[in-house]
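Just so it is clear, none of the values below were taken in a lab; they were calculated from the coordinates. Please read these numbers as outputs of a predicted model, since none were measured by experiment. Note that each Cβ is placed from the backbone with ideal geometry, even for glycine, and that neighbours are counted across all protein chains shown.
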Amino acid sequence: ATGLVWFRRDLRACDHAALYHALTQCRKVHCVFVFDRAILDALPRADRRVAFIREALVELDAALRTLASHPAGGLIVRHALATDAVPELAQALQAQAVYANHDDEPQALSRDSLVRTRLAQTGIAFHTFKDHTLLERDEVLTQAGTPYSVFTPYKNAWLRTIDAFQLQSYAVVRHAHRLAPRPAPECLPVPALGALGFEAAQNTPLGLPTGSSGAMRLFEDFLQRIHRYADTRDYPAIKGPSYLSVHLRFGTISPRLLARSAHALAQGGNPGATTWLNELIWRDFYCQILAHHPHVVERSFKPAYDAIQWETGDEAQALFSAWCEGRTGYPLVDAAMAQLNQTGYMHNRLRMVAASFLVKHLGIDWRWGEHYFATHLNDFDLAANNGGWQWASSSGCDAQPYFRIFNPVSQSEKFDAEGRFIRRYLPQLAALPLAALHAPWRARPLELQEAGVVLGHHYPQPIVDHDSARQRTLQRYAVVKTT
Ligand code: FAD
């Protein structure tokens, strides 16, 4: 039989569930990636993620050619509607089956169900597999057979369920001789960004290691410091986390490799590895929340929170723009937004602070912030982003209680105690003494003068007062208390 592997958010040639199953079930296997117009057409013309994907595909194509040991091996790339391109290609290649990995985002599920129907019309099967998460869908349920909505019991059940088999790699290499040469007209290099209608990469410098090789470099670097992860992960000025999120998002590294390593280190008593494994479990947790409760894409996980009245109108728009552009007057929030806008990454602690600030200081609907993150984060992932935003707005499962309101100044004093992160991203404040750096409006006139800072000119006055914002938020959330 001939099989076609459809790559989506799994851009690697090793330890790949769909590729492995195709190679073990078919005599000839082709591989395709579709730059899906249904997704791409809506994106801004300079998008770091499209550049990242393209880089990953160049490596994937080369890796598949090496595995096939044939110059005509490699990846077929289309720029089209995936729902048309995949069935057409499968038919043209006379494939009996298409193989892909699960993607449980609602739009991906409806895309896949359309593809499944179209393939079935020509007698082609569509097989999909778990690959993106360690445990998925109904694999971790309560004793009553319902999905978990609180993290700690989910984590405990996850740890009881995971075993060596689930963590094992798929031995793609052993069966790689079944990778077929591409038909002559398909032997084309991965298209350049310009050909896809996007700006060339040099206009949006990525500044991050790409492809599976880049992911492995990051992971090896992280393994040198994983033992410190629990102590360093909350401090944005320190190289604490792994920076692997974009690679996990696009599958340039196998989640099984990461979890297997972390699990083994954790069992050996490495405290950082235990904490890091927890984060990978959070990732699975939010994926299963999205799979079981797709309403979270539009609405609050906890329905009572849909009654909250958010700010609207011109004033809310102006506050929102100030937040997006890092002009709130709260240095930690503004530095966080500068990091996002300049690099496409934001440190986890800062995501919590910035999200909380938008919702609980400015009274703006979490969905506005979620959407902004979705367009700017390299690692944007619907399940994790929605989970993070609903956590910050208290509307989510196992979320921050509504009355817990981060104080952006004390967060700054605690997590950027030396002001190194703020100074890096807000150079206009760099000369301020430390105490003033966290709250410039409290600086003495002489301090501001010596640092060359005129508030309202070089840097904004705070757009809200913390105490009154706190009171307004408690009133806003009162509707939740009564239900
Ligand atoms: P590490 O600390 O090294 O963690 C390792 C991996 O664990 C991450 O790469 C990620 O895949 C996973 N992970 C860590 N924390 C979480 C979490 N809370 N939820 C789910 N998975 C997690 N993460 C995304 O991958 N995409 C998003 O769009 C996203 N949006 C977020 C929005 C908000 C408001 C918040 C509070 C968090 C969001 N996160 C998101 C989670 C987290 O901030 C990032 O995964 C993390 O900062 C990525 O950096 P890292 O790879 O260095 O993480």
Report summary line: If amide H atoms are modeled at 1.01 Å from N in the peptide plane, then the residues at a separation of 5 or more from THR252, or on another chain, having amide H under 5 Å from its own are LEU11
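Work out, step by step, the length gained on full extension between LEU141 and GLU88: first 0.36 nm times the residue separation, then minus their alpha carbon distance; give nm to one decimal.
Working: separation 53, 0.36 × 53 = 19.08 nm, distance 3.85 nm.
Result for the pair: 15.2 nm of gain on full extension.
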Report task. Once you have the Cα-Cα distance between GLN267 and THR232, take 0.36 nm times their residue separation minus that, and quote the gain in nm to one decimal. Result -> 10.5 nm
Query raised in the report: With each pseudo-label sitting 7 Å past Cα toward Cβ, what's the LEU159-GLN342 distance in nm, one decimal?
Result: 3.9
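Would you please classify the overall shape of segment 2-131 from the alpha carbon gyration tensor, given that a ≥ b ≥ c denote the square roots of the eigenvalues, rounded means a/c under 1.5, and beyond that prolate means a/b larger than b/c while oblate covers the rest?
Details: a/c = 1.59, a/b = 1.08, b/c = 1.47.
Note, shape of segment 2-131 comes out oblate.
Out of all DSSP beta bridges with both ends in the chain, state the antiparallel percent to the nearest 5. All intermediate terms of the calculation are to be shown ahead of the outcome.
Working: 1 of 23 bridges.
Counting only bridges with both partners in the chain, antiparallel ones make up about 5 percent.
So what's the back-of-envelope 222 nm ellipticity for the chain, counting only DSSP H runs of four-plus at -39500 (n - 2.57) apiece and dividing by all residues, rounded to 500?
Working: 23 runs with 231 residues, N = 483.
-14000 deg cm²/dmol, from helical runs alone.
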Query raised in the report: Which angle from 0 to 90°, rounded to the nearest 10, does the C-alpha axis of helix 466-476 make with the longest principal axis of the chain?
Result: 60
Query raised in the report: Picking from LEU432, ASN341, THR328, whose Cα lies most toward the positive end of the charge dipole for segment 303-481 (charges on Cβ: Lys, Arg +1; Asp, Glu -1)?
Result: LEU432
Requested in this report: Could you work out how far the C-alpha centroid of segment 238-256 sits from that of segment 429-483, in angstrom?
Outcome: 34
Report task. Kindly flag which residue pairs out of LYS130/LYS239; LYS155/LYS414; LYS130/LYS302; LYS155/LYS481; LYS302/LYS481 have an alpha-carbon separation exceeding 21 Å in this structure. Result -> LYS130/LYS239; LYS155/LYS414; LYS130/LYS302; LYS155/LYS481
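So which chymotrypsin sites (Phe, Trp or Tyr not before Pro) in segment 320-419 are both in a DSSP loop and have at most 16 other Cβ atoms within 10 Å of their Cβ? Don't skip to the end; give the middle numbers.
On the way: sites: PHE320, TRP323, TYR345, PHE357, TRP366, TRP368, TYR372, PHE373, PHE380, TRP389, TRP391, TYR402, PHE403, PHE406, PHE415; in loops: TYR345, PHE380, TYR402, PHE403, PHE406.
Listed in order of number, the matching sites are PHE403.
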Report summary line: The helix 313-324 Cα axis meets the longest alpha-carbon principal axis of the chain at an angle in degrees, between 0 and 90 and rounded to 10, of 70
Query - Hypothetical label at HIS457: residues of segment 298-336 whose amide nitrogen lies under 19 Å (7 Å Cα-Cβ projection) - result: 329
Requested in this report: Using only Cα atoms, tell me the angle between helix 331-343 and the longest principal axis of the chain; keep it within 0 to 90° and round to the nearest 10.
Outcome: 30
Query raised in the report: Farthest toward the dipole's positive end in the chain, which of TRP441, GLY313, LEU135, given Cβ charges of +1 (Lys, Arg) and -1 (Asp, Glu) about the Cα centre?
Result: LEU135
Query raised in the report: Quick one: Cα centre-to-centre distance for segment 361-402 and segment 136-210, in angstrom?
Result: 23
Query raised in the report: Using the alpha-carbon centroid of each, what span in Å lies between segment 81-104 and segment 301-318?
Result: 41
Query - Shape of segment 278-384, Cα gyration tensor, a/c cut at 1.5 - result: oblate
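What does the extension gain come out to for MET216 and ARG420, with contour length at 0.36 nm per residue minus their alpha carbon separation? Could the numbers behind the result be given before it?
Working: separation 204, 0.36 × 204 = 73.44 nm, distance 2.83 nm.
Roughly 70.6 nm would be gained on extension.
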